[in-house]
Amino acid sequence: MRLRSRPQQPPPTAAPVPRGPVPILAVRKLVKTYGHGDAAVHALAGPVDADGVEQGVDLTVHQGDFVAIMGSSGSGKSTLMNILGCLDAPTSGRYLLDGIDVGHLDEHQLSLVRNRKIGFIFQSFNLVPRTTALAQVELPLAYAGVKAAERRRRAMAALTLVGLADRADHRPNELSGGQQQRVAVARALVTSPAMLLADEPTGNLDSRSTDDVLAIVDRLNAAGRTIVLITHEDEVARHAKRVVRLVDGQIYEDIRQAPLQGLPPALQDPVEFASHTLHVGHVRAHANGGDR
Amino acid sequence: MNPFQTLRFAFGGLAANKVRSGLTMLGILIGVAAVILLLAVGNGSSQAVKDAIQALGTNALTVSSGSGSGSSTATVVKPLTVDDARALADTSQAPDIKGVAPEVSTSQTAIYQGTSHTVSSVVGTYPAYFEASNSKVDKGDYFSDDDVLNSRKVAVIGSTTATDLFGTASPIGKVITLGGTPFTVVGELATKGGTGFQDPDDTVIAPLPTVQNAFTGFSGSISQILVEATTADATTSATNEITTILMGQHSITSPSAVDFRVSSQTSLLTTRTSTDQTFTVLLGAVAAISLLVGGIGITNIMLVTVTERTREIGIRKAIGAPKGVILSQFLAESTLLSLVGGGLGVAAALIGAHFKIVGIKPVVIPESVYGAFGIAVAIGLFFGSYPASRAASLRPIEALRHE
């Protein structure tokens, strides 16, 4: 509620943005139904026309955007996320990722798409057990067939970017939750994917680690990386340039909080942004800390 | 993903569950070691029998009294006599016979300076016996035809008998008391080695009339006649000559009514070898089953691993691992299990083959080593392929949701 009442936010604009180049992500008439007949669950349906036919969900995301997909549980946001991540196939509808029609790809091509086009960040970190942070970040590059030396260089660069260069040889069980998630972010961005797909990235983190991770995501977006983030927390969503709200399998509202071009909200005026933090408890302490 | 990396992941996966991996390897280890070792034992026993029979002499034929193996219709059995042996020694009638040695045998207690030893085989014979039975003198000399003619109380003793009576001292020239009769030891035989049934080195060989005088009496009958054929190939014709001559000697007209038996060492050898082959195949089959069980152990443990690591598989798929990489990773793990297990099994078997097993010195068959190792690796691939393909075909979304 407070999110939309803030006066300094630009007025909400309707999506999709009518712009020239090929969108990173374009979803047309997407429907996902689990089960059959009476027992069918319509996870993603979109508006229903007069004849009761599901029109499906339409969504377009452009290069450089930072989209938060919000919704309560059962709203279809996880289903949408799985389809966007090429982990699941839609019942009907088209999905174009960076100009590629994903629906026509076979298993092997899908694994290539996941490797090259998408960087995943999961709620439960999902690091490979018993593997050092460096090897963890090298893994997608290894699957892409990058040579060892190049792999090491790029993985170290990604770890440096998330501030974990000194933890390169630590295994997941030797890292805190926030550090694990930062390794996951490094792993997601190391292949320079077209889109970073984050599913509740801060859901398992304390507020301090949440800020750390979101700060990295903000910086990545400022550097031009496209980010699609799924969350149910307003505090997380207010970092996004655009908020898409899902209710009962259809898009309920689509609000632009910051222009597509330019910095994400958190970096436009950091002090002001921090003062409006929704974190309970260490609000002031953190805001003061952020001033310096 | 290069093969080296796949292998490193496989090592990591196995190292994560050391006890489990170790136990699975143990299954393959035991299987491979059992196959190699049991085949080696089978082979060793047949080798030992072959050697023992060869030591008796492959051109040797034994003529013994009796109505044969049931096929003979002889009603009266005439015992073999020295005259029969003499008739066989006639080279004009039996050109394929090189030497003839009539034998009488008994068992006596030998005493030397208070040391007593029961000799299982005291043989009275002619000097031709030594060559026909492939007995060579190690120390001293054989007794001579002259000794036989004069019934001298001389003896050639086996190595076991010599050790038991004299210890390490040389027995040559010493006098032993055999069943109350003093014998001068003139020679000691070289060790032949045991077949496991009866020690051929526990023997005393003396001139025929001397033994008859002292123990068996001059009834004229002898236990058997040892005949040496000119060559190993001539044993068949020699057998025919013996049969013809002895039928004449015993006044037998029908070959189906003979009262003696001619057996050759080669026939014995063939029988024993085929028995041993059956034995070896049986041992190998038992061992192969244990190898198979080891393979099933691999499948089992890999299935557990796949289930346990479903989530990890999901993560790997989400970050772009193609199906082939997942497949090869799990295949590499199972093959590594069988490879290491098989390798250790070969090592264990080769070490184990240095020890005597139930009195048999195992002789490792080289083919069984390659075969067992190869089969173990193939088993790893084969039994690992089902869990691996199950892992590879997991849907990423379901694998990720797996708890």
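Taking only region A:79-112 into account, find how many residues are assigned to a helix (DSSP H, G or I), facing chain B (nearest Cβ under 8 Å) and aliphatic (A, V, I, L, M). Give the steps one after another, and end with the answer.
Of all residues in region A:79-112, those assigned to a helix (DSSP H, G or I) come to A:79-84, A:102-104, A:107-112.
Adding the requirement that they be facing chain B (nearest Cβ under 8 Å) leaves A:82, A:107-108, A:111-112.
In the following step, the residues that additionally are aliphatic (A, V, I, L, M) were identified as A:112.
Residues flagged as assigned to a helix (DSSP H, G or I), facing chain B (nearest Cβ under 8 Å) and aliphatic (A, V, I, L, M) within region A:79-112 amount to 1.
Rundown of residues vs (1) buried (at least 19 other Cβ atoms within 10 Å of the Cβ); (2) outside the structural domain of residue B:303 (by TED's automatic domain parsing); (3) in a loop (DSSP other than H, G, I, E, B); (4) modelled with pLDDT under 85, yes/no style:
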site: B:7; (1), (2), (3), (4): no, no, no, no
site: B:23; (1), (2), (3), (4): no, no, no, no
site: B:29; (1), (2), (3), (4): yes, no, no, no
site: B:35; (1), (2), (3), (4): yes, no, no, no
site: B:69; (1), (2), (3), (4): no, yes, yes, yes
Is it the case that region A:198-206 has a residue that's touching a Leu at 6+ places or on another chain (Cβ under 7 Å), within 14 Å of chain B (Cβ to nearest Cβ) and within 23 Å of residue B:309 (Cβ to Cβ)?
-> no
Over region B:358-403, the set of residues polar (S, T, N, Q), more than 14 Å from every other protein chain (Cβ to nearest Cβ) and either crowded, with 21+ Cβ neighbours inside 10 Å or in a loop (DSSP other than H, G, I, E, B) (or both) is B:368
I'd like to know if region B:144-162 contains one or more residues that are part of a helix (DSSP H, G or I), in contact with an Asp or Glu (Cβ under 7 Å, 6 or more places away or on another chain), aliphatic (A, V, I, L, M) and modelled with pLDDT of 85 or more.
yes
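Is one or more of the residues making up region B:212-219 under 30 Å from residue B:46 (Cα atoms) and in a helix (DSSP H, G or I)? Give the derivation first.
As a first pass, look at region B:212-219 and keep what is under 30 Å from residue B:46 (Cα atoms): none.
No, because not a single residue in region B:212-219 is under 30 Å from residue B:46 (Cα atoms) and in a helix (DSSP H, G or I).
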Taking the condition more than 30 Å from residue B:329 (Cα to Cα) and assigned to a helix (DSSP H, G or I), does residue A:51 pass?
no
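Test residue A:220 against the stated conditions and say whether it is part of a helix (DSSP H, G or I) and more than 27 Å from residue A:110 (Cβ to Cβ).
Working: part of a helix (DSSP H, G or I): yes; more than 27 Å from residue A:110 (Cβ to Cβ): no.
No; evaluated as a whole, the condition is false for this residue.
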Subset of region B:9-21, residues assigned to a helix (DSSP H, G or I), within 14 Å of another protein chain (Cβ to nearest Cβ) and either under 12 Å from residue B:301 (Cβ atoms) or in contact (Cβ under 8 Å) with a residue 12 or more places away in the chain (or both), comes to B:9, B:10, B:11, B:13, B:14, B:21
Expected output for region A:161-176 (first residue in contact (Cβ under 8 Å) with a residue 24 or more places away in the chain and on the phi < 0 side of the Ramachandran plot, partner surrounded by fewer than 14 Cβ atoms within 10 Å (Cβ to Cβ) and in a helix (DSSP H, G or I), Cβ below 9 Å, 6+ apart or cross-chain) is A:167/A:174
Listed by first then second residue, the pairs whose first member lies in region A:139-153 and is at the interface with chain B (Cβ under 10 Å from one of its Cβ atoms), whose partner is hydroxyl-bearing (Ser, Thr, Tyr), with beta carbons under 8 Å and at least 6 positions apart or on separate chains, are A:139/A:131; A:140/A:191; A:141/A:191; A:143/A:111; A:144/A:191
Inside region B:245-266, the number of residues satisfying the requirement of being under 16 Å from residue B:66 (Cβ atoms) and free of Cβ contacts under 8 Å to residues at least 40 places away in the same chain is 2
A careful count of residues in region B:201-221 that are modelled with pLDDT under 85 and either among the hydroxyl-bearing types (Ser, Thr, Tyr) or buried (at least 23 other Cβ atoms within 10 Å of the Cβ) (or both) gives 3
Within region B:99-127, the residues that are over 21 Å from residue B:79 (Cα atoms) and either crowded, with 23+ Cβ neighbours inside 10 Å or among the aliphatic types (A, V, I, L, M) (or both) are B:110, B:111, B:119
When residue B:170 is run through (1) under 30 Å from the mean Cα position of the chain (by Cα); (2) at pLDDT 85 or above, the failure sits at (1)
Within region A:30-78, restricting to residues that are within 14 Å of chain B (Cβ to nearest Cβ) and among the hydroxyl-bearing types (Ser, Thr, Tyr), the one that is surrounded by the most Cβ atoms within 10 Å (Cβ to Cβ) is A:78
Scanning region B:137-176 residue by residue, the ones that are hydrophobic (A, V, I, L, M, F, W, C) and crowded, with 19+ Cβ neighbours inside 10 Å total 10
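Each row is one residue, and each column tells you yes or no for (1) touching a residue at least 60 places away in the same chain (Cβ under 8 Å); (2) aromatic (Phe, Trp, Tyr).
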residue: B:123; (1), (2): yes, no
residue: B:129; (1), (2): yes, yes
residue: B:140; (1), (2): no, no
residue: B:146; (1), (2): no, no
residue: B:161; (1), (2): no, no
residue: B:186; (1), (2): no, no
In region B:317-343, anything assigned to a helix (DSSP H, G or I), at the interface with chain A (Cβ under 8 Å from one of its Cβ atoms) and in contact with a Pro (Cβ under 9 Å, 6 or more places away or on another chain) is listed as B:317, B:318
Note on region A:120-131: residues touching a Leu at 6+ places or on another chain (Cβ under 8 Å) and more than 8 Å from chain B (Cβ to nearest Cβ) are A:121
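Within region A:54-78, which residues are in a helix (DSSP H, G or I) and among the polar types (S, T, N, Q)?
Here is the first cut: in region A:54-78, the ones in a helix (DSSP H, G or I) are A:77-78.
Within region A:54-78, just A:78 meets the criteria.
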Scanning region B:330-350 for residues that are free of Cβ contacts under 8 Å to residues at least 60 places away in the same chain and among the hydrophobic types (A, V, I, L, M, F, W, C), the one farthest from residue B:12 (Cα to Cα) turns out to be B:347
Subset of region A:155-191, residues within 13 Å of chain B (Cβ to nearest Cβ) and surrounded by fewer than 19 Cβ atoms within 10 Å (Cβ to Cβ), comes to A:171, A:173
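The values are calculated or read from the model by the stated rules, or taken from the named source; none is laboratory data. These numbers come from a predicted model, not from an experiment. Reconstructed Cβ throughout: ideal geometry from the backbone, glycine too, with neighbour counts over all protein chains shown.
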